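A.B. asks: Structure in structure tokens, see below.
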Amino acid sequence: MTPARTPTASEDAYTAEPFVPQRGGLAALRKAAADCHGCPLHRDATQTVFGAGDTGARVLLVGEQPGDQEDRQGRPFVGPAGRVLDRALDEAGIDPAETYATNAVKHFKFTQNPARGKRRIHKAPTLREMTACGPWLAAELALVEPDVVVTLGATAGKALLGSSFRVTRQRGTVLEEDVHGRCEQVVATIHPSAVLRADEADRATAYAGLVDDLKVAARVLG
Ligand code: SF4
């Protein structure tokens, strides 16, 4: 697959756009994304973690970025948060096998404190990095053509809906939005990792909220 034009990524213009092939399905996109140098995040991560799942899915799920396990295994949502997500989808009436899952940013961003060993601590991507990675998400949306897009967490919401997005204000309703030039029905909710991070006393409530929001997405499907 030939890239659209010669890839360049200057400090001034981070973007994945030159790396995105103009034709081809998921395999072609994934192969091209493996060599993306559209922003500096590829330098420290193990590999590109491209979206995965059913390209004929009616539900497209968008998280923030790969986590530690996803970075090592090369697939999105394979860690503990992914297991929470699968359980919540199932409870909401959405078969996880009939979804397509991806992240707004395809490389794992992290920091390491040498004093605390080799543990990699998740670091949120900047708006510039999310914007740089946007052409991959645009290509995935064009490929899958979902009936509903579910954003998981504040960062994914901002990546799709703009920097004024607030998950607490906009979650659990059907939003009609222009996303990368396509009119999409979007349902926002929390990231499943927020359930894992919640205090034990609040965890059940956080999980129930996630399921309730996913039920809103399920209702879009009819
Ligand atoms: S984060 Fe996105 S834009 Fe940056 S190098 Fe990775 S795939 Fe390319």
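A.B. asks: I'd like to check something: does region 33-53 contain any residue that is crowded, with 24+ Cβ neighbours inside 10 Å, in contact (Cβ under 8 Å) with a residue 40 or more places away in the chain, within 18 Å of ALA159 (Cα to Cα) and away from the ligand (no atom under 13 Å from the Cβ)?
C.D. replies: The answer is no, given that none of the residues of region 33-53 is crowded, with 24+ Cβ neighbours inside 10 Å, in contact (Cβ under 8 Å) with a residue 40 or more places away in the chain, within 18 Å of ALA159 (Cα to Cα) and away from the ligand (no atom under 13 Å from the Cβ).
A.B. asks: Sticking with this structure for a sec: Inside region 55-82, can you point out the residues that are touching a residue at least 40 places away in the same chain (Cβ under 8 Å), not in a loop (DSSP other than H, G, I, E, B) and not acidic (Asp, Glu)?
C.D. replies: VAL59, LEU60, LEU61, VAL62, GLY63, PRO80, ALA81, GLY82
A.B. asks: Then there's this: Out of (1) surrounded by 17 or more Cβ atoms within 10 Å (Cβ to Cβ); (2) within 15 Å of the ligand (Cβ to nearest atom); (3) of a type outside the set (Val, Ile, Thr); (4) at pLDDT 95 or above, what's the single condition that is false for GLY67?
C.D. replies: (4)
A.B. asks: VAL216 - would you say it is more than 18 Å from the chain's Cα centre (by Cα) and of a type outside the set (Lys, Arg)?
C.D. replies: On the way: more than 18 Å from the chain's Cα centre (by Cα): yes; of a type outside the set (Lys, Arg): yes.
Criteria met by VAL216.
A.B. asks: Cβ-Cβ below 6 Å, separation at least six or inter-chain, first residue in region 199-222 and in a helix (DSSP H, G or I), second crowded, with 17+ Cβ neighbours inside 10 Å and among the acidic types (Asp, Glu): which pairs?
C.D. replies: Correct list of pairs: empty, since none qualify.
A.B. asks: Between ASP90, ASP95, which is free of Cβ contacts under 8 Å to residues at least 12 places away in the same chain, in contact with a Pro (Cβ under 9 Å, 6 or more places away or on another chain) and of a type in the set (Asp, Glu)?
C.D. replies: On the way: ASP95 fails: in contact with a Pro (Cβ under 9 Å, 6 or more places away or on another chain).
Being free of Cβ contacts under 8 Å to residues at least 12 places away in the same chain, in contact with a Pro (Cβ under 9 Å, 6 or more places away or on another chain) and of a type in the set (Asp, Glu) holds for just one of ASP90, ASP95, which is ASP90.
A.B. asks: I would also like to ask the following. So which of ARG120, ARG203, ARG116, ARG171 is within 16 Å of the ligand (Cβ to nearest atom) and more than 26 Å from GLU17 (Cβ to Cβ)?
C.D. replies: ARG120
A.B. asks: With respect to ARG166, determine if the residue is at pLDDT 95 or above and of a type outside the set (A, V, I, L, M, F, W, C).
C.D. replies: On the way: at pLDDT 95 or above: yes; of a type outside the set (A, V, I, L, M, F, W, C): yes.
Against the criterion (at pLDDT 95 or above and of a type outside the set (A, V, I, L, M, F, W, C)), ARG166 qualifies.
A.B. asks: Can you tell me which residue in region 163-194 is surrounded by the most Cβ atoms within 10 Å (Cβ to Cβ), limited to those that are touching an Asp or Glu at 6+ places or on another chain (Cβ under 9 Å) and among the aliphatic types (A, V, I, L, M)?
C.D. replies: ALA188
A.B. asks: Residues that are over 18 Å from LEU61 (Cα atoms) and in contact with a helix residue (DSSP H, G or I) (Cβ under 7 Å, 6 or more places away or on another chain): find the strands (runs of 3 or more DSSP E) completely inside region 90-143 holding 1 or more of those.
C.D. replies: Those strands (runs of 3 or more DSSP E) span 120-122.
A.B. asks: Does GLU17 count as more than 11 Å from the ligand (Cβ to nearest atom) and either modelled with pLDDT under 95 or among the charged types (D, E, K, R) (or both)? Reasoning before the result, please.
C.D. replies: Working: more than 11 Å from the ligand (Cβ to nearest atom): no; either modelled with pLDDT under 95 or among the charged types (D, E, K, R) (or both): yes.
So GLU17 does not fit the description; no.
A.B. asks: Quick one: count up the residues across region 155-171 that are farther than 18 Å from PHE108 by Cβ and in a helix (DSSP H, G or I). First the steps, then the outcome.
C.D. replies: In the first step, residues of region 155-171 are kept if they are farther than 18 Å from PHE108 by Cβ; the result is 157-158, 160-171.
Next, from what is left, pick out any that are in a helix (DSSP H, G or I): 157-158, 160-161, 167-170.
Adding up the residues that qualify gives 8.
A.B. asks: Can you find a residue in region 94-111 that is away from the ligand (no atom under 13 Å from the Cβ) and aromatic (Phe, Trp, Tyr)? I'd like the intermediate steps shown before the answer.
C.D. replies: Quick first cut of region 94-111, residues away from the ligand (no atom under 13 Å from the Cβ) only: 94-101, 111.
Right, trim to aromatic (Phe, Trp, Tyr) and you get 100.
Yes, the conditions are met somewhere in region 94-111.
A.B. asks: Continuing with this model, one more query. Which residue out of ALA132, ALA156, ALA101, ALA138 is surrounded by fewer than 20 Cβ atoms within 10 Å (Cβ to Cβ) and either among the small types (Gly, Ala, Ser) or under 15 Å from the mean Cα position of the chain (by Cα) (or both)? Before you say what the answer is, go through the steps one by one.
C.D. replies: Numbers: ALA132 fails: surrounded by fewer than 20 Cβ atoms within 10 Å (Cβ to Cβ); ALA156 fails: surrounded by fewer than 20 Cβ atoms within 10 Å (Cβ to Cβ); ALA101 fails: surrounded by fewer than 20 Cβ atoms within 10 Å (Cβ to Cβ).
Being surrounded by fewer than 20 Cβ atoms within 10 Å (Cβ to Cβ) and either among the small types (Gly, Ala, Ser) or under 15 Å from the mean Cα position of the chain (by Cα) (or both) holds for just one of ALA132, ALA156, ALA101, ALA138, which is ALA138.
The values are calculated or read from the model by the stated rules, or taken from the named source; none is laboratory data. Predicted model, so just to flag it, every value in this text is computed and none were measured. Ideal geometry is used to build each Cβ from the backbone, glycine not excepted, and the neighbour counts take in all protein chains shown.
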